[in-house]
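Participant: Questions regarding the structure given below will be posed in turn.
The values are calculated or read from the model by the stated rules, or taken from the named source; none is laboratory data. Just so we're clear, the structure is a prediction, and the values are computed from it rather than from any experiment. Heads up, the Cβs are rebuilt from the backbone with ideal geometry, glycines too, and the neighbour counts pull from every protein chain shown.
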Protein chains: 2
Amino acid sequence: MTPVSDRNHRITFQRRPQGLPAPGDFGADTTPIPAPGPGQFLSRTVWLSLDPYYRNVMKGTQMYAEGVKPGDVMIGDTVAQIIESRHTDYRAGEFVRVRNGWQEYALSSGHDVRKLDPAAAPVSTALGVLGMPGITGYAGLVYLGEPKPGETVVVSAATGAVGTTAGQVARLVGARAVGIAGSDEKCNFAVRELGYEACVNYKKGDLAAQLKEACPRGIDVYFDNVGGDTLQAVLRNLALHARVVLCGMIESYSLEQPPPGPFLGPVVGARATMRGLVVYDHMHRMDELVRVVGGWIRAGTFRYREDITEGLSQAPEAFCRLMRGENFGKALVRVSAEHN
Amino acid sequence: MTPVSDRNHRITFQRRPQGLPAPGDFGADTTPIPAPGPGQFLSRTVWLSLDPYYRNVMKGTQMYAEGVKPGDVMIGDTVAQIIESRHTDYRAGEFVRVRNGWQEYALSSGHDVRKLDPAAAPVSTALGVLGMPGITGYAGLVYLGEPKPGETVVVSAATGAVGTTAGQVARLVGARAVGIAGSDEKCNFAVRELGYEACVNYKKGDLAAQLKEACPRGIDVYFDNVGGDTLQAVLRNLALHARVVLCGMIESYSLEQPPPGPFLGPVVGARATMRGLVVYDHMHRMDELVRVVGGWIRAGTFRYREDITEGLSQAPEAFCRLMRGENFGKALVRVSAEHN
């Protein structure tokens, strides 16, 4: 195969955006089309994916190693067709998912490249539902959300590439999918085309109340693509033993400071798990407690301290001290003597 | 055994506290000592436990069914000794954990009663480390925190009844326990008596920085007894795959409104799990995605939508539209045509 033009057109990074990016933050130029050396292939970009994380790259955030300098070609995910190959694993005509960036031609050594089968699915899906957004929605929902048939799964940014996958996977494993989106057009698409059972437009009134109506038995799984107020509204409607998958926080990408309210970004970065504890769920373990910790107490390896007030009449004052944080040790009132 | 006084002294609920409770929110009276009917026993209170949740009971919060009306005896957890029994399972002289409330004598039908063995441990521990606070700290740390030997476990309210248990259980299962407390005296006690490896005084400067120093490899498990700013400081120091056990939120008990910042109370009530998702952890599942979702696409049960912009030169404007939320479908730029 031969190149279709004799120059390589590129879009470059020009300057760090202030708030939302503007077209003037980018530049354009052309370079010669490079020739592959030994172990390399040259490919022509067919599809360039546009993804919100590019905004973080332009910010020079530490989280993404590949920051760009003014004049550099913008980095980006692409599907490309191989033009010429000196790599033993690839040959001309094959389609690959490769990070060519915002340009028509690029060389690759085969690192971080995935071969595509045009017969299996349109190659553009390698940038969407069968690519990074797809694996995010699929693996996140299946392996972190763990939806069960009949459960209610809520997905924010329901019609986005990640949400499209998470919502349909929820439905196809037998759960009830409820979307959250920002327009009636998107909500209609979510229900009619993607098979969500309901979709709530968060721009129309009280989101928590709308969710309560759409999810009368509570939300078993929430796939969170946005964070912020939407997350808060969902938390108020969780069902018992709900799972919340903290994924995107797109609202914060254009902000210089973390947004107000619950900022759970560090939970995502740490792949952490937060679990709600209610002691009544563990009362069947009382015998275990007495056996294990009681044994440690008798062995002298476990200590405790009691903050003892003498006499029932002193209990109100002692309780007020406790609530002011002035106790030191388990607060007890000795009401009468033990008789053995 | 015979009663030691001929009247039953009681402390009653008088009025709903404003902010922190005051002794004037309580009253006192005496009643006749009741006689047990068939299937009942009479016990004399030995130990009355004082616990922060009483504050919620006085608030009339729905969460606790047993609200109190002015003039009612204050409810409360107690250890008592049986005086007279007409219940086949209990006899005079035995010690029980029973909810007598703030009074010297009470009848019980045996419901929610636990017999205590004074030879196994002091009976007062049934209200502390071998009671509700103990099971909270023990089961919460072991079953929700899942500490591994060598991991770093941070416990807030480190010297409280729950923290005393959680911190020592962490140490005794081989983890490194680091406490958070509100005075140097408590921190010294935590380290010298309870075996915490370090303890941070949150009233002394930047808590996040102090935690970073005390936990150089990050925090693997956080047992949260307080919520609020302390939780935020811990989140900034989580190690990979950290577990956060959301337990008490004592700071909010005296507030009429949820505190500012991340209010995760609903997560606790729902026994929910929040998990951070980072897609790079799931890249080994790409083949699975293509097989499963690709199969659904070919079967026509999975749909997707693409928002296609024609031509590389239009990419900057298309990216800006994406960041303004104006795309509808996976944002792609067609850079060149596919050739089959």
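Participant: Can you tell which of A:Gly195, A:Gly205 is within 10 Å of another protein chain (Cβ to nearest Cβ) and not polar (S, T, N, Q)? Don't jump to the end; show me each part of the working.
Facilitator: On the way: A:Gly205 fails: within 10 Å of another protein chain (Cβ to nearest Cβ).
Residue meeting the stated conditions: A:Gly195.
Participant: Let me ask something else about it. For region A:64-90, which residues satisfy the criterion of being in a loop (DSSP other than H, G, I, E, B) and in contact with a Phe, Trp or Tyr (Cβ under 8 Å, 6 or more places away or on another chain)? Walk me through how you get there before you give the answer.
Facilitator: Looking only at region A:64-90, we keep the residues that are in a loop (DSSP other than H, G, I, E, B), and these are A:64-72, A:74-77, A:86-90.
Result: A:Tyr64, A:Val68, A:Lys69, A:Pro70, A:Gly71, A:Asp72, A:Met74, A:Ile75, A:Gly76, A:Arg86, A:His87, A:Tyr90.
Participant: Let me ask something else. What single numbered condition from (1) without any contact (Cβ under 8 Å) to a residue 12 or more places away in the chain; (2) in a strand (DSSP E or B); (3) of a type in the set (D, E, K, R) fails to hold for B:Glu185?
Facilitator: Every condition holds for B:Glu185 apart from (2).
Listed here are the residues, each with its yes/no results for (1) closer than 14 Å to B:Pro133 by Cα; (2) more than 7 Å from every other protein chain (Cβ to nearest Cβ).
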residue	(1), (2)
A:Val267	no, no
A:Arg275	no, no
A:Val278	yes, no
A:Asp281	yes, no
A:Arg291	no, yes
A:Gly300	no, yes
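Participant: Of all residues in region B:306-336, which are at the interface with chain A (Cβ under 7 Å from one of its Cβ atoms), part of a loop (DSSP other than H, G, I, E, B) and at pLDDT 85 or above? Let's see the steps before the verdict.
Facilitator: Of region B:306-336, the ones at the interface with chain A (Cβ under 7 Å from one of its Cβ atoms) are B:306, B:312-313, B:315-320, B:322-325, B:328, B:330-336.
With the extra rule that they be part of a loop (DSSP other than H, G, I, E, B), the set shrinks to B:324-325, B:328, B:335-336.
Result: B:Val335, B:Ser336.
Participant: In addition: Which of (1) within 21 Å of A:Ala239 (Cβ to Cβ); (2) buried (at least 24 other Cβ atoms within 10 Å of the Cβ) does A:Gly150 not meet, given it meets every other one?
Facilitator: (2)
Participant: Going residue by residue through region A:195-211, is there one that turns out to be buried (at least 23 other Cβ atoms within 10 Å of the Cβ), under 15 Å from B:Tyr304 (Cβ atoms) and modelled with pLDDT under 95?
Facilitator: No: zero hits.
Participant: Which members of region A:209-236 meet the condition of being in a loop (DSSP other than H, G, I, E, B) and without any contact (Cβ under 8 Å) to a residue 60 or more places away in the chain?
Facilitator: Listed by number, the residues that qualify are A:Pro216, A:Gly227, A:Arg236.
Participant: For B:Pro259, which of the numbered conditions (1) in contact with a Ser or Thr (Cβ under 6 Å, 6 or more places away or on another chain); (2) modelled with pLDDT of 90 or more fails to hold?
Facilitator: (2)
Participant: Return only the number of the condition from (1) touching a strand residue (DSSP E or B) at 6+ places or on another chain (Cβ under 8 Å); (2) within 12 Å of another protein chain (Cβ to nearest Cβ); (3) surrounded by fewer than 22 Cβ atoms within 10 Å (Cβ to Cβ); (4) not hydrophobic (A, V, I, L, M, F, W, C) that B:Tyr143 does not satisfy.
Facilitator: (1)
Participant: If you don't mind, another one. What number of residues in region B:137-166 are over 12 Å from the mean Cα position of the chain (by Cα) and without any contact (Cβ under 8 Å) to a residue 40 or more places away in the chain?
Facilitator: Taking region B:137-166 as the starting set, the residues that turn out to be over 12 Å from the mean Cα position of the chain (by Cα) are B:142-143, B:146-154, B:158-161, B:164-165.
Checking the rest, the ones that are also without any contact (Cβ under 8 Å) to a residue 40 or more places away in the chain come to B:142-143, B:149-150, B:159, B:161, B:164-165.
Of the residues in region B:137-166, 8 are over 12 Å from the mean Cα position of the chain (by Cα) and without any contact (Cβ under 8 Å) to a residue 40 or more places away in the chain.
Participant: Inside region B:24-61, can you point out the residues that are under 19 Å from B:Ala106 (Cα atoms), without any contact (Cβ under 8 Å) to a residue 40 or more places away in the chain and among the small types (Gly, Ala, Ser)?
Facilitator: The answer is B:Ala28, and nothing else.
Participant: So, one more: Looking at region B:91-130, which of its residues are polar (S, T, N, Q) and more than 9 Å from chain A (Cβ to nearest Cβ)?
Facilitator: If the condition is that a residue be polar (S, T, N, Q) and more than 9 Å from chain A (Cβ to nearest Cβ), then B:Ser108, B:Ser109 are the ones that fit.
Participant: Cβ-Cβ distance below 8 Å, separation of 6 or more or different chains: which pairs start in region B:295-319 with a residue that is of a type in the set (Phe, Trp, Tyr) and end on one that is assigned to a loop (DSSP other than H, G, I, E, B)?
Facilitator: Taking only residues 6 or more apart or on different chains, the pairs are B:Trp296/B:Phe302; B:Phe302/A:Val129; B:Tyr304/A:Gly128; B:Tyr304/A:Val129; B:Tyr304/B:Gly329; B:Phe319/A:Pro21; B:Phe319/A:Leu50.
Participant: Could you figure out which of (1) touching a strand residue (DSSP E or B) at 6+ places or on another chain (Cβ under 6 Å); (2) surrounded by fewer than 19 Cβ atoms within 10 Å (Cβ to Cβ); (3) away from every other protein chain (no Cβ under 11 Å) isn't true of B:Ser85?
Facilitator: Here B:Ser85 meets the rest and fails (2).
Participant: Which residue out of B:Glu310, B:Glu326, B:Glu306, B:Glu317 is buried (at least 19 other Cβ atoms within 10 Å of the Cβ), closer than 30 Å to A:Pro21 by Cα and among the acidic types (Asp, Glu)?
Facilitator: Exactly one of B:Glu310, B:Glu326, B:Glu306, B:Glu317 is buried (at least 19 other Cβ atoms within 10 Å of the Cβ), closer than 30 Å to A:Pro21 by Cα and among the acidic types (Asp, Glu), namely B:Glu306.
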